[in-house]
Amino acid sequence: MAVILWIIIAFAAGVVEMVTTALVSVWFAVGAVCAAIAAGLGFSESVQIIAFLLVSALTLAITFPLCKKMRVIKKVPTNADRLIGHIGVITEDVDPIRAKGEVNVCGQRWSVQVRGDTFAKIGTKVKVEEISGAHLVVTVVDDNVNESEEV
């Protein structure tokens, strides 16, 4: 009967692992299989539990560094990243409520989002802070900004 219980635990942990992408229960599935083997060989319940805990902890310790490396998301630079820091001019009024607006930066027209979800009128000078999807995220700059920064 103990073998069946451990197999059910291993199966449940496997199902949880398949449903999630965070590697939260694969270690318990492996530990439960080892406990089921111990139960099948006739070992006591305490040995089965120790086998479950020990194997689960061991597989966690072995695979955790690998899982940690896999979770690191590297930002892939694009040619558009060169626009960050440049000054542009709003070419279509920015309306954060309707999610409309355009900016011209380095001779290219982009959809724009002003930091703080504020409105901006045509002709307003802005500085590109970041790129979010297909939108440039900008901040309004003073008219005293050096014109040489605009390219």
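Here are some notes:
- Simple spin-label estimate for THR139 and SER46 gives 6.5 nm between the two label positions (7 Å along the Cα-to-Cβ direction from each Cα).
- Shape class of the stretch 79-149 from the alpha-carbon gyration tensor: oblate, with a/c at 1.5 or above and b/c at least as large as a/b.
- Over the stretch 2-71, relative contact order from alpha-carbon pairs under 8 Å, at least 6 apart, %: 31 percent
- Burial ordering of VAL103, VAL89, fewest other beta-carbon atoms within 10 Å first: VAL89, VAL103
- Length added when fully stretched, MET1-GLU92, from 0.36 nm per residue minus Cα-Cα: 25.6 nm
- GNM result for the chain, Cα springs below 10 Å: residue of SER111, SER56, SER46 fluctuating most strongly: SER46
- Scalar couplings 3J(HN,Hα) for the stretch 59-67, obtained by applying the Karplus form with A = 6.51, B = -1.76, C = 1.60 to θ = phi - 60°, are 5, 5, 5, 6, 8, 4, x, 5, 5 Hz; x denotes Gly and Pro.
- Helix 2-19 vs. the chain, principal-axis angle (Cα, 0 to 90°, nearest 10): 10 degrees
- Estimated 222 nm signal from helices in the chain, with DSSP H stretches of n ≥ 4 weighted -39500 (n - 2.57), rounded to 500: -13500 deg cm²/dmol
- Summary of packing: across the peptides 132-139, 13-20, the per-residue average of other C-beta atoms within 10 Å ranks them, highest first, as 132-139, 13-20.
- Each listed q (0.11, 0.23 Å⁻¹) maps to a log10 I(q)/I(0) for the stretch 2-71, found by the Debye formula over equal Cα scatterers with no solvent: -0.27, -0.91.
- Rounded to the nearest 20 debye, dipole of the chain from Cβ charges on Lys, Arg, Asp, Glu: 540 debye
- Mean separation of Cα pairs under 8 Å and 6 or more residues apart, divided by the residue count, gives the stretch 79-149 a relative contact order of 31 percent.
- Rounded if a/c under 1.5, otherwise prolate or oblate - the stretch 1-143, Cα gyration tensor axes: prolate
Here, each number is a calculation from the coordinates, and none is a lab measurement. Everything numeric here is computed off the predicted structure, so don't read it as measured data. Note: ideal-geometry Cβ built from the backbone for every residue, glycine included; neighbour counts use all protein chains shown.
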